[in-house]
1. With a point put 7 Å past each Cα toward its Cβ, work out how far residue 55 is from residue 23 in nm, to one decimal.
2. How far, in degrees from 0 to 90, does helix 78-88 lean away from the longest principal axis of the Cα atoms of the chain, to the nearest 10?
3. Would you mind giving the three semi-axes, in whole Å and largest first, of the ellipsoid equivalent to the range 1-49 according to its Cα gyration tensor?
4. Determine the per residue accessible area of the range 1-86 with all protein chains present and a 1.4 angstrom probe, expressed in square angstrom.
5. Determine the alpha carbon to alpha carbon distance for each of 15/86; 9/86; 25/86 and list only those over 27 Å.
6. Show 23, 76 ordered by accessible area, largest first, where the area counts protein heavy atoms only and the probe is 1.4 Å.
7. Kirkwood Rh and Cα-based Rg: tell me the resulting Rg over Rh for the chain, rounded to two decimals.
8. Hey, if we sort 86, 25 by accessible area with the 1.4 Å probe, largest down, what's the order?
Amino acid sequence: MIFEWDPLKDQSNRKKHALDFESSKTIWEDPDRIEIVAPYPLENRVILIGAVKSQLWTAVYTWRRGAIRIISVRRSRKKEKELYEKEKHGQR
């Protein structure tokens, strides 16, 4: 997979959420990750919920020119964690 991001956004995300975009790429390696398409006015965005070192993180990204463009990454909220656990254990 090819990833890209805005370096300034990466810096601000690191300060705010203590996770840089380079490290967050491991979310895509979680076999139990969940992806939710979120329509957005200019381009569709995808919400990705997955584990990094036993912590759940939520990333927002879009596809641009064949690359995953990371927009933001943060710790998953309560509802996102619940959704992840339900999906992981097949409780739809």
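1. Spacing of the two 7 Å Cα→Cβ label points: 0.6 nm.
2. 60
3. 19, 16, 10
4. 64
5. Pairs exceeding the cut-off: 15/86; 9/86.
6. 23, 76
7. 0.96
8. Highest to lowest solvent-accessible surface, that is 86, 25.
The values are calculated or read from the model by the stated rules, or taken from the named source; none is laboratory data. Here the structure is a predicted model, which means the values were calculated and not measured. Glycine also receives a Cβ, built like all others from the backbone with ideal geometry; neighbour counts cover every protein chain displayed. The protein model used for the area step is the full one, side chains on, heavy atoms only, and it has no ligands, DNA or RNA in it. Shrake-Rupley method; radii C 1.70, N 1.55, O 1.52, S 1.80 Å.
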